[in-house]
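> This structure is in structure tokens; I'll ask about it shortly.
The values are calculated or read from the model by the stated rules, or taken from the named source; none is laboratory data. Predicted, not measured: the structure shown is a model, and the values here were computed from it. All Cβ positions, glycine included, derive from the backbone under ideal geometry; neighbour counts span all protein chains shown. For the accessible areas, the whole protein counts, side chains as well, though only heavy atoms, and no ligand, DNA or RNA atoms are used. Shrake-Rupley method; radii C 1.70, N 1.55, O 1.52, S 1.80 Å.
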Amino acid sequence: MATIDEPLYPIAVLIDELKNEDIQLRLNSIRRLSTIARALGEERTRKELIPFLSENNDDDDEVLLAMADELGVFIPYVGGVEYANVLLPPLETLCTVEETCVRDKSVESLCRIGTQMIEQDLVDHFIPLVKRLAAGEWFTARVSSCGLFHIAYSSAPETLKTELRALYSQLCQDDMPMVRRSAATNLGKFAATVEPVHLKTDIMSIFEDLTQDDQDSVRLLAVDGCAALGKLLEPQDCVAHILPVIVNFSQDKSWRVRYMVANQLYELCEAVGPEPTRSDLVPAYVRLLRDNEAEVRIAAAGKVTKFCRILNPEVAIQHILPCVKDLSTDSSQHVRSALASVIMGMAPVLGKDATIEQLLPIFLSLLKDEFPDVRLNIISKLDQVNQVIGIDLLSQSLLPAIVELAEDRHWRVRLAIIEYIPLLASQLGVGFFDDKLGALCMQWLKDKVYSIRDAAANNVKRLAEEFGPDWAMQHIVPQVLDLINNPHYLYRMTILHAVSLLSPVMGSEITCSQLLPIVINASKDRVPNIKFNVAKVLQSLIPIVDQSVVEKTIRPCLVELSEDPDVDVRFFATQALQSSDHVMMST
């Protein structure tokens, strides 16, 4: 090895590893291209490394993907932007491979390089590359070329621009659906670089061809083009050219196309403006809400609030609300769930009266839905309705349903209710909470499911923070502490957890007088799990209470526990004692 010329050594290693049978070695070698390029220097990278990569591109897809990625950031290693064109040949070859992700990464890297290239180099090297790919015999090259036109077009002279537009038009009429799909996908980016005069003629002609394609996979990609082109065209052109396409797509024979329209409808409405939306797109949207396919109804239902914001309340009540009522009893649980996730947002749009008369009955029916996700989606957005109709009406109409859900047989539904109790409490106020929800909070501490008990303990803490220590001392602490005598040790453990959470909120005085004695008594429990949890709780109380209380009450209890027969109790008690020593030293 010593005889090998030192600068040649890195390229020799690279060649050896690239030819190695072990794919991992080949991958490591490709990922170290930048290091090797630095070792070789800019000139040798251009003359030796890049040609070598161009010749050795018949490899595993994973290696080719890494190569395509590395070459995208290789301009500094070949001598800067004036030499960027040397990176094009290996990437051009990678644009023709069969694996889609390699081609996509190669196109991405070519775009990155193209945006940095000198204008003359784009004309001399990049545009010919695009033309070669677009005329490629194998469809993969033509697919890749579609993603490069928007980079090539802006720097091209007028004659070449005409040629590029004609080429793109040919790709949109290609025999292979994959090529037409790629052309449809990239049309928006290409159109953004085309001059307004050609946008109305050439690009709209291309777009119309794509919207009438016999393959639904091409037409559904043209839906994206509606929104992209709509932003580029003048409002009157948009209404003349884009609006009829959207209306036709909403009645397309393929449900996938209708699904795309439903999914993108809000963006499409923004493109055509408010007036055409009211006159032409409302009927189209109503059709989508009543579509035969559940997937289309799901997409349409998920946009109902956004769509109603564009309309005035009268139009929404007249046309959209009847569909919403039907969807609330839809045969598909996923449609009802999608509706439930957004329907609460309709309350501010429709106003107080319409919400009370029209929406509240729908909320109630969804709150009682047999599918848990539907109920959860309603619960999580209650605050939006509260802002519109006020707390009295909300409590009268929805609270009975919430209480019913608090005892739901699905533990996840109960869990969701617990998580929203502090929010409800802050909205409903102390008096209302004490009357209706206080008993529920205590009931959850004795739930059969651990996650519910854990959430209930956190809920008690959050309520104490919301309403203050005095309220908690009166309404929560006595009831929580009563449960420490429950015969089941798991419930007693929950109370210890609740004590550790409440202590920082209640402050030193209440902790010492009310909470600490309960914990000390629990150290005499016959169940080891209770005793080592006592040690954990006492450790958490040390920073809260006075040093004298630690010395007189907490440490003696921990010393006793540290001599317990059970190994776990001894471990946690010793740990708590060490924590106590550390606190004493620091003070």
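> Just how large is the dipole of the chain about the Cα centre, in debye to the nearest 20, putting +1 at every Lys and Arg Cβ and -1 at every Asp and Glu Cβ?
1780 debye
> Taking a temperature of 25 °C and a viscosity of 0.890 mPa s, what whole-number D in µm²/s does Stokes-Einstein yield for the chain with Rh from Kirkwood over alpha carbon pairs?
So the translational diffusion coefficient is about 81 µm²/s.
> In whole percent, and with a 1.4 Å probe on the protein chains, what portion of the accessible area of the stretch 465-587 is carbon and sulfur?
It is 53 percent, rounded to a whole number.
> Also: When the chain is fully extended, how far beyond the present Cα-Cα distance does HIS488 get from ASN28, taking 0.36 nm per residue of separation?
That works out to 159.7 nm of additional length.
> Using Cα atoms only, what is the angle between the long axis of helix 177-193 and the major principal axis of the chain, expressed in degrees (0 to 90) to the nearest 10?
90 degrees
> Based on Cβ point charges of +1 for Lys and Arg and -1 for Asp and Glu, what charge dipole magnitude is obtained for the stretch 244-362 about its Cα centre, in debye rounded to the nearest 20?
180 debye
> As a check on your grasp of the helix formula, calculate [θ] at 222 nm for the chain: sum -39500 (n - 2.57) over DSSP H runs of n ≥ 4, divide by the residue count, round to the nearest 500.
It lands at -19500 deg cm²/dmol.
> Which of the trypsin sites (Lys or Arg not before Pro) found in the stretch 518-567 are in a DSSP loop and have at most 10 neighbouring Cβ atoms, other than their own, within 10 Å?
Those satisfying the criteria are ARG526.
> If you take the charge dipole of the stretch 229-299 about its Cα centre, with +1 on Lys and Arg Cβ and -1 on Asp and Glu Cβ, which of PRO235, ASN263, SER279 is farthest toward its positive end?
Toward the positive end, the furthest listed residue is ASN263.
> Further question on the same structure: For the stretch 448-494, place one equal point scatterer on every Cα, skip the solvent, and apply the Debye formula. What is log10 of I(q)/I(0) at q = 0.19, 0.26, 0.28 Å⁻¹?
-0.63, -0.98, -1.05
> Continuing with the same structure: Would you mind giving the three semi-axes, in whole Å and largest first, of the ellipsoid equivalent to the stretch 103-156 according to its Cα gyration tensor?
Working from the Cα gyration tensor, I get semi-axes of 18, 12, 8 Å.
> Using only the alpha-carbon atoms, how far is helix 450-467 inclined from the longest principal axis of the chain? Give it as 0 to 90 degrees, nearest 10.
80 degrees
> Would you work out which of LEU376, LEU220, HIS334 lies farthest towards the positive end of the dipole of the chain? Charges go on Cβ: Lys and Arg +1, Asp and Glu -1.
So the residue we want is LEU376.
> If you consider only alpha-carbon coordinates, what radius of gyration and Dmax does the stretch 273-385 have, in Å?
Final numbers for Rg and Dmax: 13.1, 40 Å.
> Could you give log10 I(q)/I(0) at q = 0.13, 0.20, 0.24 Å⁻¹ for the stretch 178-254, computed by the Debye formula over C-alpha point scatterers of equal weight, without solvent?
So the normalised log intensities are -0.33, -0.80, -1.14.
> If you don't mind, there's one more thing I want to ask. Rg/Rh for the stretch 431-532 to two decimals, with Rh computed the Kirkwood way over all alpha-carbon pairs.
0.95
> Taking the chain as the reference, fit the longest principal axis to its C-alpha atoms, fit the long axis of helix 567-586 to the helix C-alpha atoms, and give the angle between the two in degrees, 0 to 90, nearest 10.
90 degrees
> Using a 7 Å offset from the Cα along the Cα-to-Cβ direction at both LEU364 and THR329, what is the distance between the two label points in nm, to one decimal?
1.4 nm
> Now for a different question. Which net charge results for the neighbourhood of VAL123, defined as the other residues with beta-carbon distances under 14 angstrom from its beta-carbon, given Lys and Arg at +1 and Asp and Glu at -1?
-3
> Hey, any idea what % of the stretch 214-259's accessible area is carbon plus sulfur with a 1.4 Å probe?
Of the solvent-accessible surface of the stretch 214-259, carbon and sulfur hold 51 percent.
> When the distances between all Cα atoms of the stretch 195-348 are binned every 5 Å from zero, what whole-number percent does each bin get?
For the stretch 195-348, the pair-distance distribution reads 2, 10, 20, 21, 19, 13, 8, 4, 2, 0, 0.
> Using the heavy atoms of the protein chains alone and a 1.4 angstrom probe, what is the accessible area of the chain per residue in square angstrom?
The answer is 45 Å² per residue.
> Counting other C-beta atoms within 10 Å, and keeping those with at most 15, which DSSP coil trypsin sites (Lys or Arg not before Pro) do you find in the stretch 340-375?
For trypsin sites (Lys or Arg not before Pro) across the stretch 340-375 that sit outside H, G, I, E and B with at most 15 neighbouring Cβ atoms in 10 Å, the list reads LYS368.
> Please get the size of the charge dipole for the stretch 296-335, origin at its Cα centre, with Cβ charges of +1 on Lys and Arg and -1 on Asp and Glu, quoted in debye to the nearest 20.
It works out to roughly 160 debye.
> Per residue and in Å³, how big is the convex hull formed by the alpha-carbon atoms of the stretch 467-587?
Residue-normalised Cα hull volume stands at 89 Å³.
> Carbon-plus-sulfur fraction of the accessible area of the stretch 112-202, 1.4 Å probe, in percent?
The computed percentage sits at 55.
> From the residues MET585, TRP411, THR201, which one has its Cα farthest along the dipole of the chain in the positive direction, the dipole being from +1 and -1 charges on Cβ of Lys/Arg and Asp/Glu about the Cα centre?
Of the options given, the answer is TRP411.
> Could you give me the radius of gyration and the Dmax of the stretch 335-380, taking only the C-alpha atoms into account and expressing both in angstrom?
For the stretch 335-380, the Cα-based Rg and Dmax read 10.2, 29 Å.
> Could I ask something else about it? Treating the stretch 503-551 as a set of equal point scatterers at the Cα positions, no solvent, please give the Debye-formula log₁₀ I(q)/I(0) at q = 0.19, 0.20 Å⁻¹.
-0.58, -0.64
> Now a separate question. What is the percent of Cα-Cα separations in the stretch 94-218 that go past 19 Å?
Tail of P(r) above 19 Å: 43 percent of Cα pairs.
> A 25 angstrom limit on the alpha carbon distance is what I want to check against. Which of LYS531/LYS552; LYS131/LYS253; LYS325/LYS368; LYS306/LYS461; LYS131/LYS231; LYS231/LYS352 exceed it?
Beyond 25 Å: LYS131/LYS253; LYS306/LYS461; LYS131/LYS231; LYS231/LYS352.
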